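Okay, structure first, notes after.
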Amino acid sequence: MTGRILIIDPVVTSRIVLKVKLAAAYYSVAHAANLADARRLIHGNPPDLIFCEHELMDGTICDLMDDIGGQSIPVIALVPDNDSTLRLDMLSLGVEDVISRPYDETILQARVRTLLRHCAEQDDLGLHSGTTAALGLAETPGHFKRRARIGVVAKSARLSRIWADEIRQRTRHEVVSLAAADVIPTMQGSAPLDGLALGLSEKSARARLDLVATLRALPESKTLAILGIGCEDSANTVATALDTGIGDVMPLGFEPAETLKRIDRLLDRRAAAERRRSTLRAGLEAAVTDPLTGLHNRRYALSFLNRLTGRDKPTAPPLAVMLLDLDHFKRINDSFGHGIGDCVLREFALRIRGGLTPEDLFARVGGEEFLVARPATSLTEASVLANQLCGLVKSAPFVQNFIPGGIELSVSVGLAMYDAGAAPFAPADPSEINGAQNYPVHALIEQADLALYAAKSSGRNKVQVARAAA
């Protein structure tokens, strides 16, 4: 794994030792003796990860955290010994981890891999803040944190209860003690866990790591916040735990305040990832949705039809495509204004949707033009459906809540059929067609459009079948 790492340490020998260890794993490593030099390096080429001595000649790690507050750069604090109070103070400042000298190289490398992997996952999940704001998708996360459900699994039932009681006294979260065998059924039940404190004693470490691997493979628990506790005598177990998918490890064992602090940080990380996933889902949905009617848009419709008529579907069942166009819609906008026109379009979309099945495609592809596609249907069945949709439009006036008596409307429909076996629209020489792979869809829509034009020209309020499908 590549990555840029900055070491901030006033002791030159310490910087060199750490740089050698990291460079051996093919990281790009820069170093600074003080905050002033570090600020220049961060401003010029921001690193992916920072190691920083907790006290410097011109400030402290607290000053560094203030400097990079607006940037998502994880910081590992370097401390002289395993003082639990100092470690908790560092975590409270917002550092990602605390490492004391002399540090074990196996654990060190595993910590770095875990943090860089987490940062890469964050980048993969969402758009940059400027882009999301421009799209109207960015949402400032609320300050309220919901009450989480935390499970505690130690090496014995008695110890699990003791750990759970110690944590429960320090938090408003729901904390429950569990046996290892109960974790997966709990995650698949009605009250799944949000976080898990998992003891990693030497005797149970292998079985517990197998449990973590299983949890990460299951959809119900793949994002579970997991903290490993214990294994101070086995650097390989700690490293394996981090590489297996445990979010954080406390090698020195259980300490209530630090355990809760680390679990809370994992829960915050999990919540942030879910916000990014929600933003990404919203962005994808916005890209294929018409904002006025809530229907799919032209981009989605073309992609959907391409999937049904692609070259890998030589035996696909017949497909009916209809283009629907509201008759004399311009008169509504001219007479009543665009606001009423928008209400008509929304009501039209709801009315037509009521006459379709969940398997049908319904999309807005133009101002007052809509597309309906029904897979696995015959020409006779498609014609019946098209006439039923015309009847739905004529069944009652539109926008009666806004216009006394409402507005009478009709719709014209052009219907075309695609049959993969007959392939009536396939070009004689596909290489002569630009975008030959999409040619059946374009030809199908063109045939439906010509049929729609014929319906309009011959009096409107009717269904016209494309000649190729007749």
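Read-outs: derived from the displayed coordinates by stated rules, not from any lab. All values reported here derive from a predicted model rather than from experimental measurement. Cβ sites come from the backbone with ideal geometry, for glycine too, and all protein chains shown count toward neighbours.
Simple spin-label estimate for residue 188 and residue 83 gives 4.9 nm between the two label positions (7 Å along the Cα-to-Cβ direction from each Cα). Electrostatic tally near residue 357: other residues with Cβ closer than 14 Å to its Cβ, Lys and Arg +1, Asp and Glu -1, net -1. Within the same chain, lysines fewer than 8 places from residue 462 are excluded, and of the rest, those with a Cα less than 24 Å from its Cα are 330, 394.
Working value for region 233-277: equivalent-ellipsoid semi-axes of 23, 16, 4 Å, each the square root of 5 times a Cα gyration tensor eigenvalue, largest first. Taking 0.36 nm per residue of separation and subtracting the current Cα-Cα distance, fully stretching the chain between residue 467 and residue 37 would add 147.2 nm.
Using only the C-alpha atoms, the convex hull of region 34-123 corresponds to 101 Å³ per residue. Each stretch of four or more DSSP H residues adds -39500 (n - 2.57); spread over every residue of the chain, this sum gives -14000 deg cm²/dmol at 222 nm. Spatially, region 144-210 and region 238-290 are offset by 16 Å when compared through their Cα centroids.
Over every Cα atom in the chain, the radius of gyration and the widest Cα-Cα span, Dmax, amount to 31.2, 90 Å.
In terms of distances greater than 32 angstrom between alpha carbons, the cross-link table entries 145/222; 203/261; 222/261; 19/222 yield 19/222. Applying a DSSP loop filter and a limit of 12 other Cβ atoms within 10 Å to the GluC sites (Glu not before Pro) in region 304-413 leaves 359, 408. Electrostatic tally near residue 242: other residues with Cβ closer than 10 Å to its Cβ, Lys and Arg +1, Asp and Glu -1, net +1.
Local charge for residue 36 was computed over the other residues whose Cβ lies under 13 Å away, with Lys and Arg +1 and Asp and Glu -1, and equals -2.
The Kirkwood radius of region 182-307, taken over pairs of alpha-carbon atoms, gives through the Stokes-Einstein law at 37 °C and 0.692 mPa s a diffusion coefficient of 194 µm² s⁻¹. Beyond 19 Å, what percent of the Cα pairs of region 158-219 remain? Tail of the P(r) past 19 Å holds 35 percent of the pairs.
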